[in-house]
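Notes follow the structure.
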């Protein structure tokens, strides 16, 4: 019995050591946050200036990197975000383009709907066009992304 308890304790200790070895040093084990960082507040790691994690084809990690903020600011309209996305894409800043497109889509989704229809993005043409732009960006097709942004701006 004593040897069974000893073996169990040893196995448990080894499992804990392996689990701790997988997490980078200094992270809060409960939240995974680096020391001094409150999850959901401020900038978090990893950071990236490149578009990624938009579709399964361009996802390289389960942790989506923090993208640069949109030049349009936090309270902009969908059109403002689309103009910022266009400018970022023209400058080759795909991360800022992704952030602006995601914000444009979010703002375009802001609407009043019945409670039982909140999971339906609707058939709004602007939303569909922004989604097409995001898909083109995920595929690395900047020319088609620019065309979709221009189409969204004209709608």
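Computed on the Cα trace of segment 78-154, the radius of gyration divided by the Kirkwood hydrodynamic radius gives Rg/Rh = 1.01. Relative contact order for segment 78-154: 33 percent, from Cα pairs under 8 Å spaced at least 6 residues apart, divided by residue count. A simple spin-label model places pseudo-atoms 7 Å from Cα toward Cβ; at residue 142 and residue 119 they are separated by 3.9 nm. For the pair residue 153 and residue 135, label points projected 7 Å from Cα toward Cβ lie 2.2 nm apart.
FYI, it's all coordinate maths here, none of it is from the lab. Treat the numbers as computed from the prediction; the structure is a model and nothing was measured. All Cβ positions, even for glycine, are placed from backbone atoms using ideal geometry, and neighbour counts span all protein chains on display.
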